[in-house]
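The values are calculated or read from the model by the stated rules, or taken from the named source; none is laboratory data. These numbers were taken from a predicted model, which means no experiment stands behind them. Quick reminder, even Gly has a Cβ in these numbers, built from the backbone with ideal geometry, and neighbours come from all protein chains shown. Ligands, DNA and RNA are excluded from the accessible area calculation, which covers all protein heavy atoms including side chains. Shrake-Rupley method; radii C 1.70, N 1.55, O 1.52, S 1.80 Å.
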Amino acid sequence: MRIGKNTWMICLTAAALLIVSGCSAWTSSFYEPENTQDQTAEKRLTFFGFKYEALNVQAIEKALHGYMEKHTDTNIMYEGIKGIDYYDILEKRIKTGHADDIFMVDQASVLELAKNGKLADLSDLSTLDNFSDLVKSQMLVNGKVNYVPTTISAFGLYCNEDLLKKYKQRIPNNLEEFMKVCDFFVKKGITPIIANNDISLKTIAIGRGMYSVYQQKDIAKQMEQFNRGEADLADTLQPGFDLVETMLKRGYVNVEQTLKTEKTKDDLVDFAKGENPFMLTGAWAAPRLRDLNLKFSFSIHPYPILADGSVMVMNIDTRVAVNTDSTHVEEAKQFVEYLTQKDVMWEFVNSLSSFSPLEEKRNSEDPAISPMSPYMENGRSVLGSDDNLDYPIWNLTRTCVEMLLKGANSAEVTSQLREQLKQLREDNGHAN
């Protein structure tokens, strides 16, 4: 079935269900342009990703059209699946030999897929010099570029400015102010923070725990010490787990609700009610939040979790990789090269209320994230998932926070993480 320009559809296919996931089911969006050369194209590529929302798909659609206008012998179809199910499906497609030509990855999947030789080397793309030094330091590992990012995403404290004003409270700028305003709302019988069961509290833990690491001159050296076990990553993260544990004990979040709250979905619906002053999630959710017909003003700020101020947690994100086993590797790489051209990438960055990974430093036009913009350059930022780490920190910290939500204390969580890291080092050939 063909999808018209600037439109998309929900589609379930029994054949895909059998091929990819046995008896499980999911909801996906397919986009295939009309009025193109798709009926006569010699080469057909598929692009699989976790971007599903209409605004994001429209930006991808525009890139597809632009590329195919320049390459009349090629047709590309995009399929997007929402949520963490995406990675399970990606893994199953790769294992069964049904992987797409192009797909989106995160740090954890890059570690696994690169180890298994499933990611084509993109180091010959002409657009690589356009990326910032920070991004280049993440992309180039062991002389190979396994992916290219299309955004830098940021995680922030969403603030209901009207509710804060109603109670004569201010947006906090440091940990003392943050705890003071949260304690105020707890005493009023109002849960201060809406959090989800994935990215909310783990980014608090990472920001608090890893901030001192990113203040060092030789960050790469510190990461290598973590990889070899010469420095204790679990111990470094413990202050972050301590803070999360404190937030839970003081009633800053509803623990039971958080355990079942899906990111950038349930949390947005809850926050949109206007009954809570804060929410923790990605800045890219701002357009979706506005679509819920808000009756209040909001802004997004870096996390006020340090004694002397705030820290922004960010990710080199929306990573695009090429399948080594594709029958059209060179054509897939050509599309990725096109997607990472300055003006093409800007469309995608802007649709996600994110920051550009390019040296030009063009930011989203969304005014809600303007308080975060200075943190791209002021040195007070932390990478949520650093490619120089040999550990899937993004997944590990999610598990740690889930343990805290289920009643474990910070020391127990740190101890278990230390054992997990030890096992991963052994798997990676490090004895320590």
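Of the residues Ile89, Ile94, Ile60, Ile102, which is under 14 Å from Ala332 (Cβ atoms) and either out of contact with any Asp or Glu (no Cβ under 8 Å at 6 or more places or on another chain) or open to solvent by 20 Å² or more (accessible area, probe 1.4 Å) (or both)? First the steps, then the outcome.
Details: Ile89 fails: under 14 Å from Ala332 (Cβ atoms); Ile94 fails: under 14 Å from Ala332 (Cβ atoms); Ile60 fails: under 14 Å from Ala332 (Cβ atoms).
Residue meeting the stated conditions: Ile102.
Does Thr203 satisfy being crowded, with 19+ Cβ neighbours inside 10 Å, β-branched (Val, Ile, Thr) and not in a strand (DSSP E or B)? So Thr203 passes the test.
The sole residue among Thr264, Thr258, Thr236 that is closer than 21 Å to Gly83 by Cα and at pLDDT 95 or above is Thr258. Looking across the range 208-259, not a single residue is over 17 Å from Gln420 (Cβ atoms) and in contact with a Phe, Trp or Tyr (Cβ under 7 Å, 6 or more places away or on another chain). With respect to Asp270, determine if the residue is on the phi < 0 side of the Ramachandran plot, of a type in the set (D, E, K, R) and touching a residue at least 60 places away in the same chain (Cβ under 8 Å). Criteria met by Asp270. Filtering the range 188-200 to residues that are surrounded by fewer than 19 Cβ atoms within 10 Å (Cβ to Cβ) and either acidic (Asp, Glu) or within 15 Å of Ile300 (Cβ to Cβ) (or both) leaves nothing.
Going through (1) modelled with pLDDT of 95 or more; (2) not in a strand (DSSP E or B) one by one, Val349 falls short only on (1).
Kindly indicate which of Ala220, Ala154 is touching a helix residue (DSSP H, G or I) at 6+ places or on another chain (Cβ under 6 Å) and closer than 24 Å to Thr236 by Cβ.
On the way: Ala220 fails: touching a helix residue (DSSP H, G or I) at 6+ places or on another chain (Cβ under 6 Å).
The conditions single out Ala154.
Mind listing whichever residues of the range 352-399 are part of a helix (DSSP H, G or I), β-branched (Val, Ile, Thr) and modelled with pLDDT of 95 or more?
Filtering the range 352-399 down to residues part of a helix (DSSP H, G or I) leaves 367-376, 393-399.
From what's left, β-branched (Val, Ile, Thr): 369, 393, 397, 399.
Passing the criteria: Ile393, Thr397, Thr399.
How many of the residues in the range 57-91 are among the charged types (D, E, K, R) and out of contact with any strand residue (DSSP E or B) (no Cβ under 9 Å at 6 or more places or on another chain)? Within the range 57-91, residues that are among the charged types (D, E, K, R) and out of contact with any strand residue (DSSP E or B) (no Cβ under 9 Å at 6 or more places or on another chain) number 6.
Among the residues making up the range 404-432, those that are out of contact with any His (no Cβ under 9 Å at 6 or more places or on another chain), hydrophobic (A, V, I, L, M, F, W, C) and open to solvent by 40 Å² or more (accessible area, probe 1.4 Å) are Ala411, Ala431.
Just to verify a result, which residue in the range 332-341, among those that are among the polar types (S, T, N, Q) and open to solvent by 30 Å² or more (accessible area, probe 1.4 Å), is nearest to Leu128 (Cα to Cα)? Lay out the reasoning, then the answer.
Initial filter on the range 332-341 (among the polar types (S, T, N, Q)): 334, 340-341.
Applying the additional criterion that residues be open to solvent by 30 Å² or more (accessible area, probe 1.4 Å) yields 334, 341.
Working: Gln334: 13, Gln341: 9 Å.
Among those that are among the polar types (S, T, N, Q) and open to solvent by 30 Å² or more (accessible area, probe 1.4 Å), it is Gln341.
Residue-level analysis places Asn146 outside the set of residues that are free of Cβ contacts under 8 Å to residues at least 12 places away in the same chain and either charged (D, E, K, R) or over 19 Å from Asp308 (Cα atoms) (or both). Of the conditions (1) of a type outside the set (Asp, Glu); (2) at pLDDT 75 or above; (3) over 24 Å from Asn350 (Cβ atoms), Ala41 satisfies every one except a single condition; which number is it? Going through the list (1) of a type outside the set (Asp, Glu); (2) at pLDDT 75 or above; (3) over 24 Å from Asn350 (Cβ atoms), Ala41 breaks only (2). The helices (runs of 4 or more DSSP H) found entirely in the range 86-177 that carry 2 or more residues being among the aliphatic types (A, V, I, L, M) and modelled with pLDDT under 95 are 107-115, 133-139.
Residue-wise test of (1) free of Cβ contacts under 8 Å to residues at least 24 places away in the same chain; (2) closer than 20 Å to Ile305 by Cβ; (3) in contact with a His (Cβ under 7 Å, 6 or more places away or on another chain).
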| residue | (1), (2), (3) |
| --- | --- |
| Lys361 | no, no, no |
| Pro371 | no, yes, yes |
| Asn378 | yes, yes, no |
| Asp387 | no, no, no |
| Ile393 | no, yes, no |
| Arg398 | no, yes, no |
| Val401 | no, yes, no |
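In this structure, is Asp242 surrounded by 22 or more Cβ atoms within 10 Å (Cβ to Cβ) and among the charged types (D, E, K, R)? No, not satisfied.
When the range 132-158 is examined, which residues are found to be farther than 16 Å from Ser354 by Cβ and surrounded by fewer than 23 Cβ atoms within 10 Å (Cβ to Cβ)?
As a first pass, look at the range 132-158 and keep what is farther than 16 Å from Ser354 by Cβ: 133, 136-137, 139-147, 157.
Asp133, Lys136, Ser137, Met139, Leu140, Val141, Asn142, Gly143, Lys144, Val145, listed by residue number.
Looking only at the range 217-234, residues that are more than 21 Å from Thr414 (Cβ to Cβ) and part of a loop (DSSP other than H, G, I, E, B) come to 2 in all. For Phe185, the conditions (1) touching a residue at least 60 places away in the same chain (Cβ under 8 Å); (2) in a helix (DSSP H, G or I); (3) crowded, with 22+ Cβ neighbours inside 10 Å are fulfilled apart from (3).
Look at the range 169-180: where a residue is free of Cβ contacts under 8 Å to residues at least 12 places away in the same chain and a partner is open to solvent by 40 Å² or more (accessible area, probe 1.4 Å), sitting 6+ places away or on another chain with Cβ atoms under 8 Å, you get Arg170/Glu177.
For Tyr303, the conditions (1) modelled with pLDDT under 95; (2) within 21 Å of Met179 (Cα to Cα); (3) aromatic (Phe, Trp, Tyr) are fulfilled apart from (1).
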